[in-house]
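Asks: Sharing a structure with you now.
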Amino acid sequence: MDTFKSRLNKIFDRITSDELLQNKGLSKEIGFYIFDYPPEKELVIRDHIEFILNQLKKKKPNLRVIQINLFQLIVDYLKNRKLLDRVLQIQQTNGDQALLKALKGPLDAKKFAKVFVEEADPKNHDLVILSGVGNAWPLLRSHNLLNNLHSLMEGTPLVMFYPGVYTGQDLQLFGRQKEKNYYRAFQLIK
């Protein structure tokens, strides 16, 4: 069995472990976990997340889990603020850089972290699963979001599926885009 498949097969047991769900052994660190994977496996990951969610319903029905697709959350947020059509027009007329500039304020990581937490509702969930990180780039960078979520997640563990490489010290989206150093998450499965 290849390493990737072996890592996938370990996810369910890891995310349902008391150690992860109760933040045991973290030395006062917050329970943020990253499952990094080769970007070309994105469709496999999407299917596997659905598989995990279905298994959780069957095998752990009392576990309160929410899955958030970051890109879809951004789109919904822009729609709710009646900004989506406007920023799409900006992108069509003036290009990608103009789009990024127009979204800099509404998608500021500190502000958007509050939107994320409102959706995640950590008081009423035992686990948050985050996907869609690659699709959200460069609109919102995952390390910025994670940094701003630390004080807001109230001890609820978060598992981020990350299309790239996480070394335990830095994130490299798609294995190419080096993000700033991010030390506060743990590798879900090594």
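Asks: For the stretch 71-170, state which trypsin sites (Lys or Arg not before Pro) are in a DSSP loop and have at most 12 other beta carbons lying within 10 Å of their beta carbon.
Replies: Listed in order of number, the matching sites are Arg81, Lys82, Lys104.
Asks: Here's another thing I want to ask about it. Percent relative contact order of the stretch 89-190, based on C-alpha pairs within less than 8 angstrom and at least six residues apart?
Replies: Worked out over the stretch 89-190, it gives 22 percent.
Asks: In the stretch 94-190, if the dipole is taken from +1 on Lys/Arg beta carbons and -1 on Asp/Glu beta carbons about the Cα centre, which of Asn94, Pro163, Ser131 is farthest to the positive end?
Replies: Asn94
Asks: Also, I was wondering about something else. State whether the stretch 1-114 is rounded, prolate or oblate according to the following rule on the C-alpha gyration tensor (a ≥ b ≥ c being the square roots of its eigenvalues): a/c under 1.5 gives rounded; otherwise a/b larger than b/c gives prolate, and the remaining case gives oblate.
Replies: Prolate shape, in that a/c is at least 1.5 and a/b is the bigger ratio.
Asks: With n ≥ 4 as the cut-off for DSSP H runs, can you work out [θ] at 222 nm for the chain, using -39500 (n - 2.57) per run divided by the number of residues, rounded to the nearest 500?
Replies: My calculation for the chain gives -13500 deg cm²/dmol from helical runs alone.
Asks: From Cα pairs below 8 angstrom and at least 6 apart in sequence, can you work out the relative contact order of the chain, rounded to a whole percent?
Replies: Once divided by the residue count of the chain, the mean separation gives 34 percent.
Asks: What does the charge add up to near Leu188, with Lys and Arg as +1, Asp and Glu as -1, over the other residues with Cβ less than 10 Å from its Cβ?
Replies: My count for the surroundings of Leu188 gives +3.
Asks: If you don't mind, there's one more thing I want to ask. Mean-square fluctuation check for the chain, GNM, Cα pairs under 10 Å: which of Asp36, Asp85, Asp108 is largest?
Replies: With Cα springs under 10 Å in the chain, the top fluctuation among Asp36, Asp85, Asp108 is at Asp85.
Asks: Which value in nm describes the separation of the simple spin-label points at Arg14 and Ala98, placed 7 Å from the Cα toward the beta carbon?
Replies: So the two model labels end up 4.4 nm from each other.
Asks: Once Rh for the chain is found with the Kirkwood sum over Cα pairs, what is the Stokes-Einstein diffusion coefficient at 25 °C and 0.890 mPa s, in µm²/s?
Replies: 142 µm²/s
Asks: I've got another one for you. Please give the net charge around Lys57, taking every other residue with its beta carbon less than 12 angstrom from that of Lys57, where Lys and Arg add +1 and Asp and Glu add -1.
Replies: Net charge in that neighbourhood comes out at +3.
Asks: So, one more: Work through the residues other than Thr3 whose Cβ is under 14 Å from its Cβ and net out their charges, Lys, Arg +1 and Asp, Glu -1.
Replies: +3
Readers should treat all values here as calculations from the given coordinates under stated rules, not as data from a laboratory. Given the structure is predicted, the values throughout are model-derived calculations rather than measurements. Neighbour counts run over all protein chains shown; Cβ positions are idealised from the backbone, glycine included.
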